[in-house]
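Visitor: The structure follows.
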Amino acid sequence: MDNSIIFPHLHITLDNVGKGFYVGSFFIAFYGVIIAIGMLVGVSFILKEAKRVGFNEDQFLDICIITIVVGVFGARLYYVIFAWDYYKDNLSSILNIRQGGLAIYGGVLAGIACISILCKIKKFELLKVYDVAIMGVIIGQIFGRWGNFFNRECFGQYTDGPFAMLLPFSRVAADTGRGAVITPDMEQNLVSMNGTLYISVHPTFLYESLWNLALLIFLIWYRKRKKFEGQIFFFYLIIYGAGRFWIEGLRTDQLKLWGTNLAVSQVLAAVLVVIGTGLYVYNLRKSKEK
């Protein structure tokens, strides 16, 4: 089966992009490896940032470990709930996260809840912890989207624009077990190269990874200039949410709210932008009154 991925207008051709590798008879997916690397880099950054703002690194490491476990569970639960039409007939696949199926917003919501409880137990200032922890979340998201690249998932609608990505039609068609992601528009605009048919799509994984990278750079620059605790976290809710709302609208594999045609993550992104903006304005005014 053809494993190529091509960006024709960028003159980039990747001839053999596999999903993973074998160690003996055990298959290790790049998706899992990349997420693990993202977690390690994210936690390393969090611990350095925690020390910089006066937290005990060992105590913060405890928070990181517990929150990661809860976050992965939340990310999987969110995905399974909103893709239940597939999983209700494939219950054995629910625990097989090596195939993909982690929704970042599920992880973020579970992580927020977990940190809230842990901060109450440890008597840490909640918004201050959020400001530190969210930086690691963004790093994890930057890495995680490249796991989607290797899985050939989370791509967008048909495009022949500058960043168009060509994926072998037969390869993608074989990987669409959780729902059709090949649209009629893609099929009507197949690209033939060297005897292989390709769909031409938006690389939404790349858009989101770059959006998050820009957000991370901004927050690293701004963190020493923040005016109140929680400002970094609120920026994340607003800026990431705005980007996710746009990018989610391009995707063809959206998880939908039950009984509607609304993309659940797009709706949630909009809600969190509104909530983040409200909390930002409230806390900014509060800080000026001190």
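The values are calculated or read from the model by the stated rules, or taken from the named source; none is laboratory data. What you see is a predicted model; the values in this text were computed from it and never measured. All Cβ positions, even for glycine, are placed from backbone atoms using ideal geometry, and neighbour counts span all protein chains on display.
Visitor: Could you check region 35-52 and list, in sequence order, the residues that are surrounded by fewer than 20 Cβ atoms within 10 Å (Cβ to Cβ) and in contact with an Asp or Glu (Cβ under 8 Å, 6 or more places away or on another chain)?
Guide: Listed by number, the residues that qualify are 47, 51.
Visitor: Just for region 194-212: of the residues that are among the polar types (S, T, N, Q) and touching a strand residue (DSSP E or B) at 6+ places or on another chain (Cβ under 7 Å), which one is surrounded by the most Cβ atoms within 10 Å (Cβ to Cβ)?
Guide: Filtering first and then ranking leaves 204.
Visitor: If you take the residues of region 252-290 that are of a type in the set (D, E, K, R) and part of a loop (DSSP other than H, G, I, E, B), which of them is modelled with the lowest pLDDT?
Guide: Going through the qualifying residues, I end up with 290.
For (1) surrounded by fewer than 21 Cβ atoms within 10 Å (Cβ to Cβ); (2) closer than 24 Å to residue 217 by Cα; (3) not small (Gly, Ala, Ser), each residue gets a yes or a no:
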| site | (1), (2), (3) |
| --- | --- |
| 120 | yes, no, yes |
| 132 | no, yes, yes |
| 144 | no, yes, no |
| 147 | no, yes, no |
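Visitor: Go through region 213-227 and give me each residue that's surrounded by 17 or more Cβ atoms within 10 Å (Cβ to Cβ) and under 20 Å from residue 126 (Cα atoms).
Guide: Listed by number, the residues that qualify are 219, 223.
Visitor: Continuing with this model, one more query. When residue 12 is evaluated against the numbered criteria (1) at pLDDT 90 or above; (2) within 22 Å of the chain's Cα centre (by Cα), which criterion, by number, is the only one it fails?
Guide: Tallying (1) at pLDDT 90 or above; (2) within 22 Å of the chain's Cα centre (by Cα), residue 12 fails exactly one: (2).
Visitor: Report, ordered by the first and then the second residue, all pairs with beta carbons closer than 6 Å, sequence separation of six or more or different chains, a first member in region 257-280 that is within 17 Å of residue 85 (Cβ to Cβ), and a second member that is outside any helix (DSSP H, G or I).
Guide: 263/254; 264/255; 264/257
Visitor: Okay, moving on. Can residue 246 be described as under 21 Å from the mean Cα position of the chain (by Cα) and part of a helix (DSSP H, G or I)?
Guide: So residue 246 fits the description; yes.
Visitor: Moving to a separate point now. Just name the residue that is surrounded by the fewest Cβ atoms within 10 Å (Cβ to Cβ) out of those in region 57-74 that are of a type in the set (A, V, I, L, M) and under 16 Å from residue 130 (Cβ atoms).
Guide: 66
Visitor: Give region 22-53 a look and list any residue that's at pLDDT 90 or above and touching a strand residue (DSSP E or B) at 6+ places or on another chain (Cβ under 9 Å), or say none.
Guide: The answer is 22, 30, 33.
Visitor: Filter region 119-158 down to the residues that are touching a helix residue (DSSP H, G or I) at 6+ places or on another chain (Cβ under 7 Å), in a loop (DSSP other than H, G, I, E, B) and among the hydrophobic types (A, V, I, L, M, F, W, C) and list them by number.
Guide: 154, 155
Visitor: What single numbered condition from (1) at pLDDT 95 or above; (2) within 18 Å of the chain's Cα centre (by Cα) fails to hold for residue 155?
Guide: Among (1) at pLDDT 95 or above; (2) within 18 Å of the chain's Cα centre (by Cα), residue 155 violates only (1).
Visitor: For region 191-223, which positions are out of contact with any helix residue (DSSP H, G or I) (no Cβ under 8 Å at 6 or more places or on another chain) and under 18 Å from residue 280 (Cβ atoms)?
Guide: Selection gives 221 alone.
Visitor: Find the residue count for region 54-70, including only residues that are without any contact (Cβ under 8 Å) to a residue 60 or more places away in the chain and under 13 Å from residue 110 (Cα atoms).
Guide: So the answer is 4.
Visitor: A follow-up question, please. Please go through region 165-185 and pick out each residue that is under 20 Å from residue 254 (Cβ atoms), within 24 Å of the chain's Cα centre (by Cα) and either at pLDDT 95 or above or not small (Gly, Ala, Ser) (or both).
Guide: Residues satisfying the conditions are 165, 167, 172, 175, 176, 178, 181, 182, 183.
Visitor: With the requirement that a residue be of a type in the set (D, E, K, R) and more than 16 Å from the chain's Cα centre (by Cα), what does region 55-77 give you?
Guide: Selection gives 57, 58, 62.
Visitor: Same structure again: Quick check on my filter: what residues within region 108-161 are touching a strand residue (DSSP E or B) at 6+ places or on another chain (Cβ under 7 Å) and either of a type in the set (Lys, Arg) or under 16 Å from residue 276 (Cα atoms) (or both)?
Guide: Scanning region 108-161 gives a single hit, 152.
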